[in-house]
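Chemist: This is the structure I have questions about; it appears just below.
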Amino acid sequence: MLTEQFPIPWPLVELLRSAQRVAVLTGAGVSAESGVPTFREAQTGLWSNYRPEELATPQAFLHNPRLVWEWYAWRRNLVLKAEPNPAHLALVELEQRFPHFTLITQNVDNLHQRAGSGKRFPVIELHGNILRTKCFEENREIASWQETGETPPRCPHCGGMLRPDVVWFNEPLPEQALQAAWEAAQNCQVFLSIGTSGIVQPAASLPYRALDAGAAVVEINPDETPLTRSATFVLSGPAGQALPALLSALTP
Ligand code: OAD
């Protein structure tokens, strides 16, 4: 079947029309059309000399906490200025369509939630959320603190340094979120992998778990990834076009 904007294979439409359990994994590509740079894109301006992999580690934070805090403050500002795009909005609609729907995201930018996802089924945040802050020492979420001019600010309970509530390289993923993501991949009939390079584990294994369990896997990405060869369907293009086209193809 061809929609006007984007070709959607008819067997995929039929499969989704009868699907009861759908799981979706999103990555930075879903937010690209909102103007949030993908993780591996060149850093700009002030930050062009740093690689994200060198800033997003507990070691980097301990070595230079101010630098890491300020990088995240810059990124937080970027995401607060960004708006959800048609891909986020289509996923909100898709959540309403299936008896079971799980949205798993590697994105920390909160754009799925701002678009309206998570009303029927909670969004699973595998890598945390940049809008939340936690204590580096105690690992508990901190909603407010006193600004004393110190960077990073201090935990009001223990005086430890505050940090963004995101998962850094060399850190484990939140256990409950990971467990829920595994279960969704294991139990779904259709698994969509959208805007992710599929190279960061353990998220990158989720589509293979779904494939092994007999689900169809749909990849949406303008570029090839390690998953492309194994995917059941590949919608090669930007998520902001492919997802609205998929949604309208599902509407009788
Ligand atoms: P990447 O930056 O690795 O990959 C982004 C993917 O999005 C690439 O495959 C692009 O081809 C694709 N892409 C770009 N524009 C797109 C568009 N308009 N529509 C669809 N796809 C598009 O981001 P992730 O795979 O999300 O982890 O990276 C995974 C994790 O690696 C991140 O969550 C982060 C990073 O390290 C942590 O912070 C722990």
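Chemist: ARG132's amide H: which non-local residues (gap 5+, or another chain) put their own amide H closer than 5 Å, with H modeled 1.01 Å from N in plane and none for Pro or chain starts?
Modeler: HN-HN under 5 Å from ARG132: ASP165.
Chemist: Counting only protein heavy atoms and a 1.4 Å probe, tell me what percentage of the chain's accessible area is made up of carbon and sulfur. Spell out each step's value before the answer.
Modeler: Details: 6070 of 12090 Å².
Answer for the chain: carbon and sulfur cover 50 percent of the accessible area.
Chemist: Here's a follow-up. Quick one: order THR151, THR232 from most to least accessible surface, probe 1.4 Å. Please list the in-between numbers first.
Modeler: Values: THR151 45, THR232 75 Å².
Result, largest first: THR232, THR151.
Chemist: How much mean residue ellipticity at 222 nm does the chain get from its helices, if each DSSP H run of length 4 or more adds -39500 (n - 2.57) and you divide by all residues, to the nearest 500 deg cm²/dmol? Can you show the working numbers first?
Modeler: Details: 10 runs with 89 residues, N = 252.
After summing the helix terms and dividing by the residues of the chain, the value is -10000 deg cm²/dmol.
Chemist: In Å², what does the accessible area per residue of region 75-131 work out to with a 1.4 Å probe?
Modeler: Values: 2290 Å² over 57 residues.
Dividing the accessible area of region 75-131 by its residue count gives 40 Å².
Chemist: Moving to a separate point now. Please list GLU33, GLU125, GLU53 in order of solvent-accessible area, largest first, computed with a 1.4 Å probe with all protein chains present. Write out the running numbers ahead of the final one.
Modeler: Working: GLU33 90, GLU125 35, GLU53 55 Å².
Largest accessible area first, the residues go GLU33, GLU53, GLU125.
Chemist: At a threshold of 8 angstrom on Cα-Cα distance, excluding pairs fewer than six apart, so keeping six or more, what relative contact order does the chain reach in percent?
Modeler: Values: 442 pairs, mean separation 61.5, N = 252.
Over the chain, the number comes to 24 percent.
Chemist: To the nearest 0.05, how large is the calculated FRET efficiency for ASP223 and GLU183 if R₀ is 30 Å and r is the Cβ-Cβ distance? Numbers along the way, then the final one.
Modeler: On the way: r = 29 Å, r/R0 = 0.97.
Given R0 = 30 Å and the Cβ-Cβ separation, E is 0.55.
The values are calculated or read from the model by the stated rules, or taken from the named source; none is laboratory data. Because the structure is a prediction, the values reported are computed rather than measured. All Cβ positions, glycine included, derive from the backbone under ideal geometry; neighbour counts span all protein chains shown. Quick note on the areas: whole protein, heavy atoms, side chains included, nothing else; ligands and nucleic acids left out. Shrake-Rupley method; radii C 1.70, N 1.55, O 1.52, S 1.80 Å.
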